[in-house]
Amino acid sequence: MLRSTFLHLPGVGPATEAALWRDGIRDWRELAEGAHPLGTSPAHRERLRAELAASEAALAGGDAGWFGRRLPAGEHWRVYSAFRERTAFLDIETTALSPYEGMVTVVAVHGGGATRSFVAGEDLEELPAYLGRFPVLVTFNGRYFDVPFLEATFPAFVAPPVHIDLRFLCYRIGLSGGLKRIETTLGIGDRTGVEGIRGLDAVRLWREYRAGSAAALERLVRYNRADTVNLEPLLERVAGDLVRRLLPPPLPSR
DNA sequence: CACTCCGAGAGTTTAAGGGA
DNA sequence: TCCCTTAAACTCTCGGAGTG
């Protein structure tokens, strides 16, 4: 999808991009080499050529942030398929909805072939450095909740340059409600062992752990990991849907 | 419950293309 | 070469939905 994206180019908006697709121009090379209505003035044409070359270089060099800076937040999902192995799915548990009233308790990061949990009072301090290895972040409502909370908790925390917030993407394809309701609607995700646990229960489980229950922490960590890991099939589903909605059907194979 | 600013839509600016 | 029309990009405003 990233190679079919023209939205990050100067002077190209949704309408121009859709027109290019309709004309059968499906990737950067076709735009750079083909005769097209863009770049009628030599200066603009040269600028486009330079941006297309820079796009190729950024993709080859693994610079996801280059695209993150040029694409609107709502289109960051287009970067995902080209950077799967460097994508981190994230979910945090806290004791309240605002960082002024609560604290981060448990965090899970799923990506790069591993799922790691961080626990306050144990290894939570290692989270910012660990997350820093991933240029692409995926959350559900993380733009408002997880990221601001982490920024308030760790002054040095810098969010990855590409942030895909599934909440708004789900809404765009007609899926409303929280994460669990959407999982049920789509029939995806695995909640074995954490059935029935909801966000508010995370606050209670943390208190029970602090009061001495090791089982409560184990349960909280398991719940947090389920929330996080389930973001991956959800993004695959949503991204696939968005591509089908956006791109005209592929040309018949020859 | 408090908090957040994206998303949609209207309004404004900018750039392309055609006619003279 | 310039100007006018038109279409798209860009900017602003405001309400809303989900987080533990």
Note to self: Tell me which trypsin sites (Lys or Arg not before Pro) from segment A:171-216 have a DSSP coil assignment and no more than 13 other beta carbons within 10 Å of their own.
What the structure shows: A:Arg198
Next item on the list: Diagonalise the Cα gyration tensor of segment A:84-239 and give the resulting equivalent ellipsoid semi-axes, square root of 5 times each eigenvalue, largest first, whole Å.
Entry: 23, 19, 14
Next item on the list: Calculate the length of the line joining the C-alpha centroid of segment A:50-96 to that of segment A:120-187, in whole Å.
Entry: 14
Check: What ranking do A:Val229, A:Val158 get, fewest neighbouring Cβ atoms within 10 angstrom at the top?
Finding: A:Val158, A:Val229
Item checked: Per-residue Cβ neighbour rank within 10 angstrom, fewest leading, A:Tyr130, A:Tyr100, A:Tyr209 -> A:Tyr100, A:Tyr130, A:Tyr209
Notebook entry, point to check: Among A:Ser117, A:Ser81, A:Ser55, what is the fewest-to-most ranking by other Cβ atoms within 10 Å?
Noted result: A:Ser81, A:Ser117, A:Ser55
Notebook entry, point to check: FRET efficiency for A:Val229 and A:Trp21, Cβ-Cβ distance as r, R0 = 30 Å, nearest 0.05?
Noted result: 0.35
Item checked: In segment A:62-168, the trypsin sites (Lys or Arg not before Pro) that fall in loop regions by DSSP, at most 12 other Cβ within 10 Å -> A:Arg133
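No value in this document is a laboratory result; all are computed from the given coordinates. Treat the numbers as computed from the prediction; the structure is a model and nothing was measured. For neighbour counting, all protein chains shown are included, and Cβ atoms are generated from backbone atoms with ideal geometry for every residue, glycine included.
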